[in-house]
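Presented below is the structure to which this report refers.
The values are calculated or read from the model by the stated rules, or taken from the named source; none is laboratory data. Worth saying up front: this structure is predicted, and the values here are computed from it rather than measured. When we count neighbours, we look across all protein chains shown, and the Cβ atoms used for this are built from the backbone with ideal geometry, even at glycine.
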Amino acid sequence: MIDPLTGASGAAASGVPAHVTATRESYDRVAVDYAALLEDELAGKPLDRALLTTFAEQVGDGRVADVGCGPGRITRFLRDLGADVEGIDLSPGMVAEARRRHPDLPFRVGSAEALDIGDGALGGVLAWYSIIHTPTEGLPAVLAEFRRVLRPGGQLLMAFQAGDEPRDLDRAYGHPVALRVHRRGPQLVERMLDDAGLTVHTRVLREPAGTMESSAQAYLMAVR
């Protein structure tokens, strides 16, 4: 089997961290049903739309990477706001679904830990629930990569579940999966952003809404 991130096969591909492999395989499995279920989710979330709109306005005419784009619904929203945005996702299945649903937008397979983007090339990075499967010890490398690709003054918007304990999922969207969802306090993530050279300027925390949310939701905006 060829690894889509490294192009390696067999033993070489086995060097990929276990959580990366589990996340990729799980989202490959659920991609079609995930996309269908969440297609219109933003319509019922005015706060999410407002934060994404603010992010797009702050970025201006700079390039944006939607890292962990899934089936591309947020990428679509940003493009409709006028953003020069591309979607990047670990899961080839999600990227295929994004391309099918939004054939006019650019999507590609990639990893948050090693973005194929030049230093200082972006005006914005969106990490919309895309750090939730990364162990805390792996976050500094991801945040450093976000800073690397942002130009001075570039904006980062992150969304994630707030809390103290991880949640393990063995089934989601009608399919068996092997996913650990890491819930973290916003203060911890803010300290890690500061250590990475990204300064938080906006903090939002809201209570869970609807049947799909079991914890508070956190949003942080930061600038390089």
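Quick notes on this structure:
- Single match in D89, D116 (criterion: modelled with pLDDT of 95 or more, in contact with a strand residue (DSSP E or B) (Cβ under 9 Å, 6 or more places away or on another chain) and surrounded by fewer than 19 Cβ atoms within 10 Å (Cβ to Cβ)): D116
- Evaluating V189 against the criteria (1) among the β-branched types (V, I, T); (2) outside any loop (DSSP other than H, G, I, E, B); (3) closer than 20 Å to L37 by Cβ leaves one unmet condition, (3).
- Of all residues in the range 141-194, exactly one satisfies the criterion of being aromatic (F, W, Y) and over 25 Å from E213 (Cα atoms), namely F146.
- In the range 183-216, the qualifying residues are those that are of a type in the set (S, T, N, Q) and in contact with a helix residue (DSSP H, G or I) (Cβ under 9 Å, 6 or more places away or on another chain), and the one that is surrounded by the most Cβ atoms within 10 Å (Cβ to Cβ) is T202.
- Checking A178, A144, A162 one by one, the residue that is within 23 Å of T75 (Cα to Cα) and either among the small types (G, A, S) or in contact with a strand residue (DSSP E or B) (Cβ under 8 Å, 6 or more places away or on another chain) (or both) is A144 and no other.
- A single member of R167, R180, R171 is touching a residue at least 60 places away in the same chain (Cβ under 8 Å), charged (D, E, K, R), surrounded by fewer than 16 Cβ atoms within 10 Å (Cβ to Cβ) and more than 26 Å from T54 (Cβ to Cβ), and it is R180.
- All conditions in (1) surrounded by fewer than 18 Cβ atoms within 10 Å (Cβ to Cβ); (2) touching a helix residue (DSSP H, G or I) at 6+ places or on another chain (Cβ under 8 Å); (3) under 20 Å from A218 (Cβ atoms); (4) in contact (Cβ under 8 Å) with a residue 60 or more places away in the chain hold for R101, with the sole exception of (3).
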